[in-house]
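Everything below concerns the one structure shown next.
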Amino acid sequence: MVAQLSLRRSTKLFHRVILRVMAFESESPLDSLWKEYGRAFQNWDDLTLARWLAQTLGQLEGRAWRLSHPLVGAYRLAAQLAHDRQVWFKRLATPPAGYAESPCCRAPSLPLFTRDVRESGLICQHCNETLVPFEEIPTELRAELEAWAQQYEPVHAVAHWDDRQRRRVGNYDAAYENAAEQAEQLLARAGRELAPKLLNFYAATVWEDQDECLEVRPEDVPV
């Protein structure tokens with residue numbers, strides 16, 4: 001068991017080193033890749049785009065989805081294009097009845113729960129603005145989200161320690177690795193326990209299943 005844990009930590013550390021190197025090699029390779037993916041929707045007319053979004057919302061309904069899920073990724077690309085074209089204002093398609101109209105952009109409400117929930121609330125998947133301010137999240141759920149976010153904040157902060165803080169702990173690599181493992185556990189709890197509770201108030205929800213600063217990837221977060 002000890003040998004397995006040691007191998008796992010070594011493998012994960014190797015992946016994190018590779019990711020750090022890649023970050024220096026390209027300013028934003030992931031952004032370029034997603035732009036390429038988004039071109040699939042560019043030639044769709046507004047009616048086709050609206051119908052696809054409404055149909056996909058029906059597939060998403062009733063579940064808490066990982067942000068990294070391919071269906072969610074495709075929906076986000078199409079939804080942001082639809083927002084640019086103001087497709088939902090044109091009322092070209094009717095979303096499933098369970099989705100309320102969002103106050104930020106009038107698209108169907110599809111909230112994203114992130115580690116920044118206390119500062120940013122729940123984020124709209126269509127316009128990327130705050131869909132539900134933190135103080136407007138239902139009281140019984142807000143307390144749990146706040147407690148989780150308070151736990152997560154110091155863990156995430158390890159990735160942003162300055163030189164003085166790093167020297168103080170002595171072995172920063174070990175502290176960083178420990179923080180990454182804690183982040184994996186907290187994100188898993190968010191997906192397993194907290195995000196599903198949002199379904200009591202919203203037709204579907206999305207939760208953040210990675211931490212780019214601690215180099216925690218979706219495959220590191222089992223639920």
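The values are calculated or read from the model by the stated rules, or taken from the named source; none is laboratory data. Here the structure is a predicted model, which means the values were calculated and not measured. A quick note on method: Cβ atoms are made from the backbone with ideal geometry, for glycine too, and the neighbour counts reach across all protein chains shown. To get the accessible areas, we keep the full protein, side chains included, count just its heavy atoms, and leave off ligands, DNA and RNA. Shrake-Rupley method; radii C 1.70, N 1.55, O 1.52, S 1.80 Å.
Some values worked out for this structure:
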item: Segment 159-173, residues that are of a type in the set (A, V, I, L, M, F, W, C), more than 21 Å from GLU219 (Cα to Cα) and part of a helix (DSSP H, G or I); result: VAL169
item: Test: residue in segment 20-29 that is modelled with pLDDT of 50 or more, open to solvent by 60 Å² or more (accessible area, probe 1.4 Å), closer than 29 Å to SER109 by Cβ and assigned to a helix (DSSP H, G or I); result: no
item: Hits in segment 74-104 (condition: open to solvent by less than 10 Å² (accessible area, probe 1.4 Å), closer than 16 Å to TYR202 by Cβ and either at pLDDT below 95 or of a type outside the set (Gly, Ala, Ser) (or both)); result: TYR75
item: Residue pairs meeting the criteria (Cβ under 7 Å; at least 6 apart or on separate chains; first free of Cβ contacts under 8 Å to residues at least 24 places away in the same chain, in segment 170-199; second buried (at least 20 other Cβ atoms within 10 Å of the Cβ)); result: ALA175/VAL158
item: So ALA40, is it of a type in the set (Gly, Ala, Ser), within 19 Å of CYS127 (Cβ to Cβ) and either part of a helix (DSSP H, G or I) or more than 22 Å from the chain's Cα centre (by Cα) (or both); result: no
item: Residue selected from segment 177-214 under the condition of a type outside the set (Phe, Trp, Tyr) and assigned to a loop (DSSP other than H, G, I, E, B), by the criterion most open to solvent (accessible area, probe 1.4 Å); result: GLU212
item: Selected residue [hydroxyl-bearing (Ser, Thr, Tyr), at pLDDT 95 or above and within 29 Å of ALA195 (Cα to Cα)] from THR48, THR56; result: THR56
